[in-house]
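Just so you know, all these numbers are worked out from the coordinates, no wet-lab data involved. In this text the structure is predicted, and so the values were computed from the model without any measurement. Cβ: placed from backbone, ideal geometry, glycine included. Neighbour counts: every protein chain shown.
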Number of protein chains: 2
Amino acid sequence: MANANISDVAALAKVSVTTVSRVLNESASVSHKTRVKVQEAIETLNYKRSDLARGLRINETKTIGVIISNILNPFFTRMVRGIEDVSQNYNYNIVLCNTDEQPEKERKCLDMLLSKNVDGLIIAGTGGMNDYTRLENGFPTVFVDRRPDDKYKGRFDTVLVDNINGSAEAVEHLIDSGYKRIGVIAGSNESTTGYERFLGYKKALKNRGIPEDESLIKYGNFLGNMADQLTKELLEANCDSIFVTNNMIMLGVLEAVKKLGMRIPDDVGLVVFDDVEWMQYIQPSFTAVAQPTYQIGLTAMTVLMDRILNKNEEAPKEIVLPVSLIQRESSRKQNQSIV
Amino acid sequence: MANANISDVAALAKVSVTTVSRVLNESASVSHKTRVKVQEAIETLNYKRSDLARGLRINETKTIGVIISNILNPFFTRMVRGIEDVSQNYNYNIVLCNTDEQPEKERKCLDMLLSKNVDGLIIAGTGGMNDYTRLENGFPTVFVDRRPDDKYKGRFDTVLVDNINGSAEAVEHLIDSGYKRIGVIAGSNESTTGYERFLGYKKALKNRGIPEDESLIKYGNFLGNMADQLTKELLEANCDSIFVTNNMIMLGVLEAVKKLGMRIPDDVGLVVFDDVEWMQYIQPSFTAVAQPTYQIGLTAMTVLMDRILNKNEEAPKEIVLPVSLIQRESSRKQNQSIV
């Protein structure tokens with residue numbers, strides 16, 4: 001069967017092309033009954049929305065919606081700067097919505113941005129909100145930092161970093177620096193970043209022949225809640241170093257270390273995933289896995305504009321950007337010489 | 001003359017009430033010619049838009065637009081969290097737009113958010129974009145952190161902190177700690193925060209009978225551009241301490257101090273306006289003027305919702321929240337004892 005177009009959908013649903021377009025644009029002015037009829041026609045004909053995006057889009061607003069999962073995390077705000085610098089070249093506007101890592105807020109952000117007729121979306125998902133089906137029919141969407149649920153595999157452009165290898169390198173570095181009992185505070189397993197960074201930790205232990213010790217593994221979240229408490233528990237379990245899986249968790253780690261009067265790196269060595277600007281200037285400076293944060297935003301927005309403006313119809317792709325370990329003082333034991 | 005209402009405006013402009021409403025709501029579907037006619041009628045009749053906001057508003061979207069001047073500055077993102085927590089109580093959505101301290105981007109943000117039919121606005125202005133006239137006729141708007149231009153004095157609700165006294169206290173603390181040559185890196189004078197923090201510096205010198213020294217005064221900006229260079233210039237002018245007027249500038253100061261291998265607080269004492277979470281955990285910890293950042297957002301959004309939902313029509317007010325100096329290690333000279 002040849003690809004259906006919007007007129008076929010309209011004919012089958014017995015509505016006008018404009019009404020189909022309104023349904024596709026999530027316009028509020030379509031009745032529930034009509035919406036269902038149109039959606040049934042779309043499914044019956046296996047209509048792909050890109051037809052619409054290409055020629056018949058009526059509500060172009062030159063606005064891109066960006067959903068970020070924690071506005072307090074400098075990772076996301078720097079990523080937004082990358083998005084914005086590309087958008088300015090194209091004279092597009094950016095509107096942001098923050099979800100605070102709450103799936104319900106993510107759903108609201110998505111509803112709201114679609115109701116504002118954005119031309120495309122960049123989404124750093126919470127991991128817990130896995131309802132992107134209405135975006136599947138060609139609505140220009142790029143996921144960043146975290147993959148959507150496996151059921152959408154291959155359906156959306158995605159820009160990520162190499163979390164597993166970056167984390168493994170960080171933990172191997174701690175081991176090679178002379179630390180013996182390496183703790184980890186993992187982020188939520190619901191997000192692919194949380195899951196993969198934890199996998200990287202396990203991979204490093206395996207690579208170096210160190211058995212896993214459950215008392216050295218703590219499950220936190222990327223907001224950093226409870227990170228001070230989890231740090232105390234790790235230190236009580238005689239951990240001598242910690243792999244901290246994002247910069248928000250690091251604040252709680254520092255709080256606990258300071259309260260306990262311990263010294264970094266001798267009493268406890270630290271490596272953090274995500275290099276925030278201040279970490280290089282402090283004493284001791286932090287060993288960190290540096291992400292190409294700005295580049296993630298820039299890449300995502302470039303991919304999105306290519307979909308929107310050049311009508312690029314290639315299959316969605318996953319772009320994985322490399323990370324790099326920056327060795328500084330927080331992982332340098334005094335009885336070790338590091339070249 | 002009795003207060004004109006929207007029907008009077010429509011009659012004088014020879015258009016429908018709906019058209020007047022569209023002009024007031026910044027709808028794109030009104031021709032330039034019609035818009036001018038309506039605006040002339042509004043001016044002739046001295047029509048105040050609050051009539052519309054009170055009863056006839058047709059496009060309520062339960063969305064508030066927030067304009068922030070630098071998304072990389074944690075001050076603004078924490079303020080947004082305060083806004084969001086109030087908005088959630090009322091089931092309102094927040095959309096953000098970032099201006100990067102660029103007046104032209106602020107103008108675009110304002111255009112875009114109004115075109116998205118937000119129900120109200122919270123604006124942390126750039127200081128350089130002073131065209132808020134279209135918001136004056138009762139469009140629910142609260143300015144935060146920075147006052148709009150003097151020409152709008154008394155026209156908008158505004159939530160600020162006490163920059164002058166907070167800065168004066170910080171600089172007096174440096175003097176009282178034994179520092180003699182106190183430098184300052186000021187933010188842009190175009191923003192009231194930049195201007196007032198600099199005034200606070202001057203006030204402290206005057207209070208302590210210390211003459212101003214031009215070589216100890218550097219004009220930077222709140223993005224922190226050039227802050228490392230300005231720090232070097234201050235240190236070359238034999239400054240023994242620096243009052244840093246925001247947290248973004250602090251990063252450049254730290255960079256310069258680290259490059260020059262100087263020690264804080266003995267070679268150079270530091271006090272920063274704005275206390276960011278990490279500053280308390282590092283070694284030496286930073287003496288900082290703590291702003292009620294979250295509270296600013298919370299207060300602004302509460303005032304805005306009162307305007308929108310309770311039709312509060314009192315004259316706009318200015319709310320000035322207090323700041324507090326938190327004395328830590330970066331301003332503690334070793335030859336001084338601080339109680």
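Are there any chymotrypsin sites (Phe, Trp or Tyr not before Pro) in region B:55-156 that are in a DSSP loop and have at most 10 other Cβ atoms within 10 Å? List them by number.
Loop-located and lightly packed - none at all.
Pop out the Kirkwood hydrodynamic radius of the protein assembly as shown from its pairwise C-alpha distances, inverse of mean 1/r, in Å to one decimal.
When all Cα pairs of the protein assembly as shown are included, the Kirkwood radius is 27.3 Å.
Mind pulling the per residue volume of the convex hull built on the Cα atoms of region B:127-268? Å³ is fine.
108 Å³
Along Cα→Cβ, 7 Å out, is where each label goes; now give me the distance between the ones at residue A:46 and residue A:319 in nm to one decimal.
The two pseudo-label positions are separated by 3.0 nm.
Can you put B:32, A:173 in order, fewest other beta carbons within 10 Å first?
Lowest count first: B:32, A:173.
Roughly what % of DSSP beta bridges within chain B run antiparallel, to the nearest 5?
Percentage antiparallel, nearest 5: 10.
Have a look at B:218, B:14, B:232 and tell me which one the Gaussian network model of chain B (Cα, springs below 10 Å) gives the largest fluctuation.
B:14
Give the average, rounded to an integer, of partner chain Cβ atoms located within 10 angstrom of each Cβ in B:94-105.
Mean shielding count: 4.
Among the lysines, select those whose C-alpha is under 22 Å from the C-alpha of residue A:232, and discard any that sit fewer than 8 residues away in the same chain.
A:180, A:202, A:218, A:258, A:259, A:333
Considering only B:170, B:290, B:227, give the residue with the highest GNM mean-square fluctuation for chain B, with springs between Cα atoms whenever their separation is below 10 Å.
Among B:170, B:290, B:227, the largest mean-square fluctuation in the Gaussian network model of chain B belongs to B:290.
For a quick check: with amide H placed at 1.01 Å from N, whose amide H comes under 5 Å from residue B:275's, ignoring anything fewer than 5 positions away on the same chain?
B:291
Å³ per residue of the Cα convex hull, for chain A?
Here the figure is 142 Å³ per residue.
In region A:251-301, what trypsin sites (Lys or Arg not before Pro) fall in a loop by DSSP, with at most 12 other Cβ atoms inside 10 Å?
Those satisfying the criteria are A:263.
On a full-extension model of 0.36 nm per residue, what is the gain between residue B:333 and residue B:237, subtracting their alpha-carbon distance, rounded to one decimal in nm?
Taking 0.36 nm per residue and subtracting the Cα distance, the gain is 32.6 nm.
Could you give the longest part of chain A that holds none of the GluC sites (Glu not before Pro) found in DSSP loops with at most 16 neighbouring Cβ atoms within 10 Å?
By the stated rule (loop sites, at most 16 other Cβ atoms within 10 Å), A:213-312.
Could you tally the net charge around residue B:165, taking each other residue with its Cβ under 14 Å from the Cβ of residue B:165, Lys/Arg +1 and Asp/Glu -1?
0
Taking only Cα atoms and a 10 Å spring cutoff, compute GNM fluctuations for chain B and point out the largest among B:197, B:78, B:22.
Among B:197, B:78, B:22, the largest mean-square fluctuation in the Gaussian network model of chain B belongs to B:22.
Averaged across A:115-128, how many Cβ atoms of other chains sit within 10 Å of each residue's Cβ atom?
Taking all residues of A:115-128 together, the mean is 1.
Just the number, please: Stokes-Einstein D of region B:63-138 in µm²/s, Kirkwood Rh from C-alpha pairs, 20 °C, 1.002 mPa s.
Stokes-Einstein gives a translational diffusion coefficient of 169 µm²/s.
Take every Cα-Cα distance within region A:48-205, group them into 5 Å bins from 0 onward, and report for each bin the whole-number percent of pairs it holds.
2, 8, 16, 19, 18, 13, 9, 6, 4, 3, 1, 0, 0
Kindly provide the helix-only [θ] at 222 nm of chain B, computed as the sum of -39,500 (n - 2.57) over DSSP H runs of four or more divided by all residues, to the nearest 500 deg cm²/dmol?
Calculated from helices alone, the mean residue ellipticity at 222 nm is -12000 deg cm²/dmol.
Can you check what the net charge comes to around residue A:125, using other residues whose Cβ is under 11 Å from the Cβ of residue A:125 (Lys, Arg +1; Asp, Glu -1)?
Cβ neighbours under 11 Å give a net charge of -3.
Determine the shielding of peptide B:278-290 by partner chains: average, over its residues, the number of Cβ atoms on other chains within 10 angstrom of each Cβ.
Mean shielding by partner chains, rounded to a whole number: 3.
Only Lys, Arg, Asp and Glu count, each charged at its Cβ (+1, +1, -1, -1), so figure out the dipole size of region B:184-276 about its Cα centre, rounded to 20 debye.
Dipole about the Cα centre, nearest 20: 140 debye.
On average over all directions, what projected area in square nanometres does region B:179-251 have, based on the convex hull of its Cα atoms?
Spelled out: convex hull of the Cα atoms, projected over all directions, averaged, 4.4 nm².
Relative to the Cα centre, what is the charge dipole magnitude of region A:283-328, using +1 at the beta carbon of each Lys and Arg, -1 at the beta carbon of each Asp and Glu, and rounding to the nearest 20 debye?
Taking the Cα centre of region A:283-328 as origin, the dipole is about 180 debye.
What does the charge count around residue A:75 come to, taking other residues whose C-beta lies under 10 Å from its C-beta (Lys +1, Arg +1, Asp -1, Glu -1)?
-2
Could you work out, for region B:226-339, what percent of all Cα-Cα pairs fall into each 10 Å distance bin, beginning at 0 Å and stopping at the bin that holds the largest distance?
Going out from 0 Å in 10 Å bins, region B:226-339 shows 13, 36, 23, 15, 10, 3 percent.
Over all directions, the average projected area of the alpha-carbon convex hull for region B:99-153 comes to how many nm²?
Average of the hull's projected areas for region B:99-153 equals 3.6 nm².
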